[in-house]
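One structure is given below, encoded as structure tokens.
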Amino acid sequence: QVQLVESGGGLVQPGGSLRLSCAASGSILSINAMGWYRQAPGKQRELVAHITSGGSTNYADSVKGRFTISRDNDKNTVYLQMTSLKPEDTAAYYCNAVVVTKFPSGRGDYWGQGTQVTVSS
């Protein structure tokens, strides 16, 4: 099995910055795409940013120019650098990864447990 563990959430003032991390561990052969999603109370989960194994990225329009996704393939870790945070960025942030596993052999879609980001003065 595969586990994704997020860290780095917290309370920040508007205009501030946070860096989220998500480390994957377990029976990993390779990791394809990785991404960050968020879900605010009463709203559907939405894609924030996505990065392929080759490093191609895409972002939600609402975060373009403010958030940066990156990954360290040697550490099986994906990051989300968030700057110029706004109150509307407040949500639970979830890491996602498409993983090719060794045992059992296969390919699956895995999620972290979520980390809360609150932007408030």
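Below is a table of values for the structure above.
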read-out	value
From Ala49, Ala60, residue being more than 18 Å from Cys22 (Cα to Cα), of a type outside the set (Lys, Arg) and in contact with a strand residue (DSSP E or B) (Cβ under 7 Å, 6 or more places away or on another chain)	Ala60
Neighbours by Cβ (under 7 Å, 6+ apart or cross-chain): first from segment 61-87, on the phi > 0 side of the Ramachandran plot; second among the basic types (Lys, Arg) and surrounded by fewer than 22 Cβ atoms within 10 Å (Cβ to Cβ)	Ser84/Arg66
Index of the failed condition, Glu6 passing every other in (1) acidic (Asp, Glu); (2) open to solvent by 20 Å² or more (accessible area, probe 1.4 Å); (3) under 14 Å from the mean Cα position of the chain (by Cα)	(2)
Selection within segment 7-43 - in contact with a Leu (Cβ under 6 Å, 6 or more places away or on another chain), under 16 Å from Gln116 (Cβ atoms) and either in a strand (DSSP E or B) or aromatic (Phe, Trp, Tyr) (or both)	Val12, Leu20, Cys22, Trp36, Tyr37
One residue from Ala23, Ala40, Ala33 being modelled with pLDDT of 95 or more, more than 19 Å from Lys75 (Cβ to Cβ) and not aromatic (Phe, Trp, Tyr)	Ala40
Residue among Val99, Val48 that is over 18 Å from Leu11 (Cβ atoms), more than 12 Å from the chain's Cα centre (by Cα) and crowded, with 20+ Cβ neighbours inside 10 Å	Val99
Filtered residue count, segment 63-96, keeping only those that are outside any loop (DSSP other than H, G, I, E, B) and either open to solvent by 30 Å² or more (accessible area, probe 1.4 Å) or at pLDDT below 95 (or both)	9
Qualifying position, being closer than 16 Å to Thr83 by Cα and either basic (Lys, Arg) or surrounded by 13 or more Cβ atoms within 10 Å (Cβ to Cβ) (or both), among Gly26, Gly16	Gly16
Segment 44-62: number of residues that are in a strand (DSSP E or B) and acidic (Asp, Glu)	1
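The values are calculated or read from the model by the stated rules, or taken from the named source; none is laboratory data. Note that this is a predicted model, so its numbers are computed, not measured. Don't worry about glycine lacking a Cβ; one is built from the backbone with ideal geometry, like all the others, and counts go over all protein chains shown. The accessibility values were calculated without ligands, DNA or RNA, using every heavy atom of the protein model including side chains. Shrake-Rupley method; radii C 1.70, N 1.55, O 1.52, S 1.80 Å.
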